[in-house]
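Working notes, beginning with the structure itself.
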Amino acid sequence: MVSITPLSAATRRRGNLRAVASALLLLASGALVALVRWQARARERRVLRWMDDRALRDVGLNRADVERESGRSFWRF
């Protein structure tokens, strides 16, 4: 017969700390990804504002599209 020994309090605490650390790491990496995306989106909108009408036509946009897009906040799609 095999007996099952309950986990000690220290072992349970260590497991809880690992779970918390893992959750914090996941949260921090998600925040970093969001910041990088926001920065790229802001940069792309800034570049669109500086493009001339001919370059905008090449990418299928017009000045009204650019004005509408560049007026949006960096966190919005």
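The values are calculated or read from the model by the stated rules, or taken from the named source; none is laboratory data. Everything quoted here is computed from the prediction, not taken from an experiment. Note that we place each Cβ from the backbone using ideal geometry, even for glycine, and neighbour counts take in every protein chain shown. SASA here: full protein model, heavy atoms, side chains in, ligands and nucleic acids out. Shrake-Rupley method; radii C 1.70, N 1.55, O 1.52, S 1.80 Å.
Selection of the stretch 60-74 for residues being part of a loop (DSSP other than H, G, I, E, B) and either in contact with a Lys or Arg (Cβ under 8 Å, 6 or more places away or on another chain) or over 23 Å from VAL36 (Cβ atoms) (or both) yields GLY60, LEU61, ASN62, ARG72, PHE74. Take ARG49 and decide whether it is over 26 Å from the mean Cα position of the chain (by Cα), at pLDDT 90 or above and open to solvent by 100 Å² or more (accessible area, probe 1.4 Å). Considered against the rule, which asks whether it is over 26 Å from the mean Cα position of the chain (by Cα), at pLDDT 90 or above and open to solvent by 100 Å² or more (accessible area, probe 1.4 Å), ARG49 comes out as no. Pairs linking a residue in the stretch 27-49 that is free of Cβ contacts under 8 Å to residues at least 60 places away in the same chain to a residue that is acidic (Asp, Glu) and surrounded by 10 or more Cβ atoms within 10 Å (Cβ to Cβ), with Cβ atoms under 7 Å and 6 or more positions apart or on different chains, are ARG45/GLU69; LEU48/GLU69. ARG13 satisfies every condition listed in (1) at pLDDT below 90; (2) surrounded by 11 or more Cβ atoms within 10 Å (Cβ to Cβ); (3) under 25 Å from the mean Cα position of the chain (by Cα); (4) among the charged types (D, E, K, R) except (3). Checking each residue in the stretch 29-46 for being aliphatic (A, V, I, L, M) and open to solvent by 60 Å² or more (accessible area, probe 1.4 Å) picks out LEU32, VAL33, LEU35, VAL36. I'd like to check something: does the stretch 28-45 contain any residue that is in contact with a helix residue (DSSP H, G or I) (Cβ under 6 Å, 6 or more places away or on another chain), modelled with pLDDT of 90 or more and in a helix (DSSP H, G or I)? Yes, the stretch 28-45 has at least one match.
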